[in-house]
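The values are calculated or read from the model by the stated rules, or taken from the named source; none is laboratory data. Since the structure is predicted, the reported quantities are computational estimates derived from the model, not experimental observations. Cβ atoms come from the backbone with ideal geometry, glycine included; neighbour counts cover every protein chain shown.
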């Protein structure tokens with residue numbers, strides 16, 4: 001079902017572009033915090049834990065609000081899911097990733113308490129121009145009524 005949500009106009013548009021260095025200490029901290037085998041992720045050129053890329057949001061440039069650009073009301077938002085795809089080797093400590101966030105789709109579905117808008121944000125991670133990972137986040141915005 002199509003929607004008249006403001007984010008519909010942004011489908012395919014790059015909302016953010018930024019870079020993220022993959023630092024050994026941050027990978028080690030993330031591994032420890034998530035209960036992963038820290039020794040596996042502590043080498044100077046260690047691969048990242050697959051869900052480490054969620055921390056890329058901490059590298060987003062200041063002053064740019066995805067929430068405002070998408071026109072969503074955070075008081076009505078639910079997390080609908082997060083997934084990653086790695087077409088090759090995992091990014092590693094020492095890599096620097098170039099990151100682009102785009103709106104992949106916006107759909108509306110009826111619910112028991114009103115409609116829900118599903119926004120899928122695609123985050124593309126590149127190393128030297130090659131795509132090393134893609135992340136998809138589904139944001140659900142419940143209707144105001």
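Just a few scattered comments:
- Flag if residue 94 is under 27 Å from residue 28 (Cα atoms), part of a loop (DSSP other than H, G, I, E, B) and in contact (Cβ under 8 Å) with a residue 60 or more places away in the chain: yes
- Odd one out for residue 107, checked against (1) touching a helix residue (DSSP H, G or I) at 6+ places or on another chain (Cβ under 7 Å); (2) within 21 Å of residue 5 (Cβ to Cβ): (1)
- The listed residues are 73, 45, and the only one of them that is more than 19 Å from residue 132 (Cβ to Cβ) and in contact with a strand residue (DSSP E or B) (Cβ under 9 Å, 6 or more places away or on another chain) turns out to be 73.
- The sole residue among 103, 67 that is free of Cβ contacts under 8 Å to residues at least 12 places away in the same chain, on the phi < 0 side of the Ramachandran plot, surrounded by 11 or more Cβ atoms within 10 Å (Cβ to Cβ) and not in a loop (DSSP other than H, G, I, E, B) is 67.
- Residue within region 106-125 that is without any contact (Cβ under 8 Å) to a residue 40 or more places away in the chain, part of a loop (DSSP other than H, G, I, E, B) and either in contact with a strand residue (DSSP E or B) (Cβ under 9 Å, 6 or more places away or on another chain) or surrounded by 14 or more Cβ atoms within 10 Å (Cβ to Cβ) (or both) present: yes
Residue by residue, here is whether (1) touching a helix residue (DSSP H, G or I) at 6+ places or on another chain (Cβ under 7 Å); (2) at pLDDT 90 or above holds:
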site: 39; (1), (2): no, no
site: 43; (1), (2): no, no
site: 48; (1), (2): yes, yes
site: 53; (1), (2): no, yes
site: 59; (1), (2): no, no
site: 62; (1), (2): no, no
site: 65; (1), (2): no, no
site: 70; (1), (2): yes, no
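- One residue stands out among those in region 1-31 that are closer than 15 Å to residue 54 by Cα and free of Cβ contacts under 8 Å to residues at least 24 places away in the same chain: the one that is surrounded by the fewest Cβ atoms within 10 Å (Cβ to Cβ), which is 29.
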